[in-house]
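Here is the structure we will look at.
The values are calculated or read from the model by the stated rules, or taken from the named source; none is laboratory data. Computed from a prediction, not measured in an experiment: that's the story for all the values here. Here the Cβ is made from the backbone with ideal geometry for all residues, glycine too, and neighbour counts use every protein chain on show. For the accessible areas, the whole protein counts, side chains as well, though only heavy atoms, and no ligand, DNA or RNA atoms are used. Shrake-Rupley method; radii C 1.70, N 1.55, O 1.52, S 1.80 Å.
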Amino acid sequence: MPKTQATSPEKAPATITRRLSAEDRRSQIVEKAIQHFTRHGFGGSTRELARELGVTQPLLYRYFPSKEALIDRVYDEVFDKSPAWEGGLTDRSVPLNERLRRFYVAYAGIILREEWIRIFIFAGLTKEGINNRYLNKLHARVFVPVLKEVRHSYGISEPGSNDVLDAEVELVWGLHASIFYLGVRKWIYGLKIPKDVDAVIRAKVDTFLAGAPAVMQGMRKDGAGKQ
């Protein structure tokens with residue numbers, strides 16, 4: 001009996017580890033891979049990742065048949081966590097400035113995380129085309145609705161050409177990029193950013209609405225989106 005009592009606690013951790021379900025083990029690998037790629041980029045080795053997990057490299061590949069498959073899962077895990085894109089943006093019972101403020105404050109809470117910024121940058125530099133699916137979703141589900149709601153709120157006619165539409169999209173890109181750049185300053189350059197990020201976001205939205213509608217009206221006069 002004394003021997004049984006002495007050896008049982010030593011064996012328990014290994015037993016618990018072996019009893020992880022396949023999905024739990026897969027989630028554990030993904031969580032550690034997010035941390036690993038955040039630090040090292042997609043050039044980080046799966047051998048080192050396996051060492052950090054305390055498992056063998058063959059075991060890692062049992063759950064993800066290739067490094068590319070693991071990268072795809074990491075990308076989906078990081079970038080599919082988005083706020084409710086359309087609903088709040090198009091709810092016309094709420095003033096437009098309040099809708100945009102709410103959306104971009106929520107959006108900033110997601111994208112200004114270290115893993116989001118660094119993995120997105122690494123992806124753009126080393127995995128050609130991988131960011132396109134996210135950016136296409138951003139264009140269709142944020143940029144286009146925002147422009148539609150600005151036109152409606154300010155009585156602006158539909159764009160008469162693709163040149164005008166493209167120029168309008170650039171205005172929304174400017175707002176979006178200014179928010180994204182807060183994350184670049186913090187997580188890429190290591191610079192301080194304002195403590196009250198929400199207030200900064202609201203000010204950026206107000207600045208956008210103070211200028212973009214007038215510029216969009218001017219585009220109709222030009223007919224080509226040129227300033």
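Just a few scattered comments:
To keep it simple, each residue is scored yes or no on (1) among the β-branched types (V, I, T); (2) farther than 30 Å from S45 by Cβ; (3) over 19 Å from the mean Cα position of the chain (by Cα).
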{"site": "D76", "(1), (2), (3)": "no, no, no"}
{"site": "Y104", "(1), (2), (3)": "no, yes, no"}
{"site": "E115", "(1), (2), (3)": "no, no, no"}
{"site": "F120", "(1), (2), (3)": "no, no, no"}
{"site": "A123", "(1), (2), (3)": "no, no, no"}
{"site": "L147", "(1), (2), (3)": "no, yes, yes"}
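- Output for the range 164-193, where each listed residue is among the charged types (D, E, K, R) and over 21 Å from V142 (Cβ atoms): R185, K186, K192
- Candidate set from the range 181-192 (those that are open to solvent by 40 Å² or more (accessible area, probe 1.4 Å) and hydrophobic (A, V, I, L, M, F, W, C)); member that is farthest from the chain's Cα centre (by Cα): L191
- Number of positions in the range 108-140 that are in a helix (DSSP H, G or I), of a type in the set (A, V, I, L, M) and under 19 Å from W187 (Cα atoms): 8
- Across the range 120-165, the number of residues qualifying as among the aromatic types (F, W, Y) and under 21 Å from D72 (Cα atoms) comes to 3.
- Residue within the range 99-107 that is in contact with a Leu (Cβ under 8 Å, 6 or more places away or on another chain), part of a helix (DSSP H, G or I) and of a type outside the set (A, V, I, L, M, F, W, C) present: yes
- Failed criterion for A123 (all others in (1) buried (at least 17 other Cβ atoms within 10 Å of the Cβ); (2) of a type in the set (G, A, S); (3) in contact with a helix residue (DSSP H, G or I) (Cβ under 6 Å, 6 or more places away or on another chain) hold): (3)
- Residues located in the range 70-93, provided they are modelled with pLDDT of 90 or more and farther than 15 Å from S27 by Cβ: L89, T90, D91, R92, S93
- Failed item, numbered, when R26 is tested on (1) open to solvent by less than 90 Å² (accessible area, probe 1.4 Å); (2) at pLDDT 90 or above; (3) of a type in the set (D, E, K, R): (2)
- Qualifying position, being of a type in the set (A, V, I, L, M, F, W, C), within 18 Å of I111 (Cβ to Cβ) and in contact with a helix residue (DSSP H, G or I) (Cβ under 6 Å, 6 or more places away or on another chain), among V205, V200: V205
- Annotation note: of E128, E170, the sole residue that is exposed (fewer than 14 other Cβ atoms within 10 Å of the Cβ), without any contact (Cβ under 8 Å) to a residue 12 or more places away in the chain and either touching a strand residue (DSSP E or B) at 6+ places or on another chain (Cβ under 6 Å) or under 28 Å from R220 (Cβ atoms) (or both) is E170.
- All positions within the range 146-167 that are assigned to a loop (DSSP other than H, G, I, E, B) and open to solvent by less than 70 Å² (accessible area, probe 1.4 Å): G155, I156, S157, P159, S161
- None of D222, D196, D206 is open to solvent by 70 Å² or more (accessible area, probe 1.4 Å), at pLDDT 95 or above and among the charged types (D, E, K, R) except D196.
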